[in-house]
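A quick write-up on the structure given underneath.
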Amino acid sequence: MSHSEVFAEVKALLERMRPEMIRLQGELVRRVAVGPDYDGPGEGEKAAFLADLLRGWGLKVDNFPAPDDRVAEGARPNLVAWLPGRRRDKVWVLSHLDVVPPGEESLWESDPFTLRVEGDRLYGRGTEDNHHGIVTSLMAAKAILDLGLTPERTIALALVSDEETGNLKGLAHLLRRQRQLFSSRDLIIVPDAGSPDGTMIEVAEKSILWLKLILNGRQCHASRPELGRNTLAATARVIVALEALKEEFGRADPLFEPPVSTFEPTKKEANVPNINTIPGRDVFYLDCRVLPDYDLEQVKERVLALGSAAARPLGVTLTVEPVQELPSAPPTSPEASVVRALQEAVRQVYGREATPQGIGGGTVAAFFRQVGLPAAVWMSVSQTAHQPNEFCSLNKLVGDAQVLAHVFLMAP
Ligand SMILES: [Zn+2]
């Protein structure tokens, strides 16, 4: 059989695996893998179920647990299931076991931890984030197993903990303790972000900088403004002055969407409770997503300088404190093998051209890139992650499983 005939068989088999995909989603949804940071039981039960399932298929499954005495098992599981290929170079698909809590339960139309199927939609907490990745990668591997095929590269399915709460007990642990598992020749796919039509391959992330801006003036009665120093009026001037950041750090890079750095005032803390008082202290926050080649120290300096100059005429002083500072990891090359393998697979399955892109958000792939491993983030999203009534599309599960199977079978 030719390559394309083999792939046609795999594709057809995955079409027929819809009932199995729904069943697996159901099993995953009802095992509540909320992490201990959110007062949940952790990923233990879900990991045990998946390890049994994968061993039942004949795969070798390793666990690289990260000690954590907040969960009953005393450690957070990090599984790797292996399907040996002709070569030792690997294709990794890394998905995460943990889910975020349901949030406001009254906003859910059904129990978040019982799968509900409605047409093409599979509802439940975790169905998209990140069961989509778990189901597509496992089903792609199962189709290859069921047809008795041997993939070119060894398939490594990683199922990690703690993605939603910092990754220290998940991928960061795996890379710290088991760095030798990964090689820069491996193809590393993280199905945890993307676009609805599967044409976005995320290869780069902006630096993230969250700043707290504290304005200090003097409180007084609103009828006697000359006795006070109005920090809300100063806040307005500071926000307008900070618009200059967009020009000062104005470089554009077409790899990113949007192509420029962004500087957005977001949260504003409450000041005085009554209308007839001039506030003497205001606090607001700035969310900055900065292109990788700018230095965050320089951004902080300019925020302080521009803001102070704007507040000074009102006698108000400004202090700036970083809340979060994440310099971006070196991007994965848009020409990396993993990007090309995904592009070819998306072309074959969806008939569309996928393009490498940078985004403003942060993903777990940054941990790979930080240690020089070229990872690509890709999936067809339903864009319901972390929301009430989270769902994933069954058609996208099938299509994305076909894409991963294509990479498994065809990537050189
Ligand atoms: Zn996720």
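The values are calculated or read from the model by the stated rules, or taken from the named source; none is laboratory data. This one's a predicted model, so the numbers in the text were calculated from it and none came from an experiment. For neighbour counting, all protein chains shown are included, and Cβ atoms are generated from backbone atoms with ideal geometry for every residue, glycine included.
Please specify each residue of the range 127-162 satisfying the condition of being within 16 Å of the ligand (Cβ to nearest atom), in contact with a helix residue (DSSP H, G or I) (Cβ under 6 Å, 6 or more places away or on another chain) and of a type in the set (Gly, Ala, Ser).
Within the range 127-162, SER137 is the sole residue that qualifies.
Is it fair to say LEU175 is under 21 Å from the mean Cα position of the chain (by Cα) and touching a residue at least 12 places away in the same chain (Cβ under 8 Å)?
Judged against the criteria, LEU175 is a match.
I'm checking my understanding of the structure. Among residues of the range 210-251 that are charged (D, E, K, R) and assigned to a loop (DSSP other than H, G, I, E, B), which one is farthest from VAL316 (Cα to Cα)? Steps first, please.
In the first step, residues of the range 210-251 are kept if they are charged (D, E, K, R); the result is 212, 218, 224, 226, 229, 237, 243, 246-248, 251.
Checking which are assigned to a loop (DSSP other than H, G, I, E, B) leaves us with 224, 251.
Working: ARG224: 17, ARG251: 32 Å.
So the residue we want is ARG251.
Residues checked against (1) of a type in the set (A, V, I, L, M); (2) farther than 25 Å from THR363 by Cα:
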{"position": "HIS3", "(1), (2)": "no, yes"}
{"position": "PHE7", "(1), (2)": "no, yes"}
{"position": "LEU13", "(1), (2)": "yes, yes"}
{"position": "PRO19", "(1), (2)": "no, yes"}
{"position": "ARG23", "(1), (2)": "no, yes"}
{"position": "LYS60", "(1), (2)": "no, yes"}
{"position": "VAL80", "(1), (2)": "yes, no"}
{"position": "TRP92", "(1), (2)": "no, no"}
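Considering only residues that are outside any helix (DSSP H, G or I) and small (Gly, Ala, Ser), look in the range 23-38 and name the one that is surrounded by the fewest Cβ atoms within 10 Å (Cβ to Cβ).
As a first pass, look at the range 23-38 and keep what is outside any helix (DSSP H, G or I): 31-35.
Then keep just the ones that are small (Gly, Ala, Ser); that gives 33, 35.
Numbers: ALA33: 25, GLY35: 27.
Ranking the qualifying residues of the range 23-38, first place goes to ALA33.
So which residues in the range 32-59 are over 16 Å from GLY170 (Cα atoms) and β-branched (Val, Ile, Thr), if there are any at all?
VAL32
List every residue pair whose Cβ atoms lie under 9 Å apart, where the two residues are 6 or more positions apart in sequence or sit on different chains, the first residue falls within the range 322-347 and is without any contact (Cβ under 8 Å) to a residue 40 or more places away in the chain, and the second residue, located anywhere, is part of a loop (DSSP other than H, G, I, E, B).
ARG340/ALA411; ARG347/GLU353; ARG347/ALA354
Can you give me the ranges of the strands (runs of 3 or more DSSP E) entirely in the range 39-98 with at least 3 residues that are within 16 Å of the ligand (Cβ to nearest atom) and closer than 25 Å to GLN180 by Cα?
Values: elements: 60-63, 79-83, 87-96.
Of the strands (runs of 3 or more DSSP E) lying wholly inside the range 39-98, those with at least 3 residues that are within 16 Å of the ligand (Cβ to nearest atom) and closer than 25 Å to GLN180 by Cα span 87-96.
Can you give me the number of residues within the range 12-46 that are under 28 Å from the mean Cα position of the chain (by Cα) and closer than 12 Å to MET139 by Cβ?
So the count comes out to 11.
Among the residues of the range 201-209, are any more than 16 Å from the ligand (Cβ to nearest atom), among the charged types (D, E, K, R), free of Cβ contacts under 8 Å to residues at least 12 places away in the same chain and surrounded by 18 or more Cβ atoms within 10 Å (Cβ to Cβ)? Let's see the steps before the verdict.
Here is the first cut: in the range 201-209, the residues more than 16 Å from the ligand (Cβ to nearest atom) are 201, 203-204, 206-209.
Filter once more, keeping what is among the charged types (D, E, K, R): 206.
Keeping just the survivors that are free of Cβ contacts under 8 Å to residues at least 12 places away in the same chain gives none.
No, every residue in the range 201-209 fails to be more than 16 Å from the ligand (Cβ to nearest atom), among the charged types (D, E, K, R), free of Cβ contacts under 8 Å to residues at least 12 places away in the same chain and surrounded by 18 or more Cβ atoms within 10 Å (Cβ to Cβ).
Against the definition (surrounded by 15 or more Cβ atoms within 10 Å (Cβ to Cβ) and more than 16 Å from LYS46 (Cβ to Cβ)), how does THR154 come out, yes or no? Don't jump to the end; show me each part of the working.
Details: surrounded by 15 or more Cβ atoms within 10 Å (Cβ to Cβ): yes; more than 16 Å from LYS46 (Cβ to Cβ): yes.
Here the answer is yes, as THR154 does meet what is asked.
Quick one: which residue in GLU390, GLU353, GLU321, GLU344 is assigned by TED's automatic domain parsing to the domain that holds PRO259 and at pLDDT 95 or above? Give the steps one after another, and end with the answer.
Numbers: GLU390 fails: assigned by TED's automatic domain parsing to the domain that holds PRO259; GLU353 fails: assigned by TED's automatic domain parsing to the domain that holds PRO259; GLU344 fails: assigned by TED's automatic domain parsing to the domain that holds PRO259.
Exactly one of GLU390, GLU353, GLU321, GLU344 is assigned by TED's automatic domain parsing to the domain that holds PRO259 and at pLDDT 95 or above, namely GLU321.
Does PRO84 satisfy the criteria of being surrounded by 16 or more Cβ atoms within 10 Å (Cβ to Cβ) and in the same structural domain as THR384 (by TED's automatic domain parsing)? So that I can check it myself, show each step before the final result.
Numbers: surrounded by 16 or more Cβ atoms within 10 Å (Cβ to Cβ): no; in the same structural domain as THR384 (by TED's automatic domain parsing): yes.
In short, no.
Is it the case that some residue within the range 169-185 is in contact with a Phe, Trp or Tyr (Cβ under 8 Å, 6 or more places away or on another chain), more than 13 Å from the ligand (Cβ to nearest atom), part of a strand (DSSP E or B) and assigned by TED's automatic domain parsing to the domain that holds GLU15? Don't jump to the end; show me each part of the working.
Just the residues of the range 169-185 that are in contact with a Phe, Trp or Tyr (Cβ under 8 Å, 6 or more places away or on another chain), to begin with: 171-175, 177-178, 182.
Right, trim to more than 13 Å from the ligand (Cβ to nearest atom) and you get 172-175, 177-178, 182.
Keeping just the survivors that are part of a strand (DSSP E or B) gives none.
Scanning the range 169-185 turns up no residue that is in contact with a Phe, Trp or Tyr (Cβ under 8 Å, 6 or more places away or on another chain), more than 13 Å from the ligand (Cβ to nearest atom), part of a strand (DSSP E or B) and assigned by TED's automatic domain parsing to the domain that holds GLU15.
Going by the structure shown, is VAL190 modelled with pLDDT of 95 or more, hydrophobic (A, V, I, L, M, F, W, C) and away from the ligand (no atom under 16 Å from the Cβ)? If you could, list the steps in order and put the result at the bottom.
Working: modelled with pLDDT of 95 or more: yes; hydrophobic (A, V, I, L, M, F, W, C): yes; away from the ligand (no atom under 16 Å from the Cβ): no.
Here the answer is no, as VAL190 does not meet what is asked.
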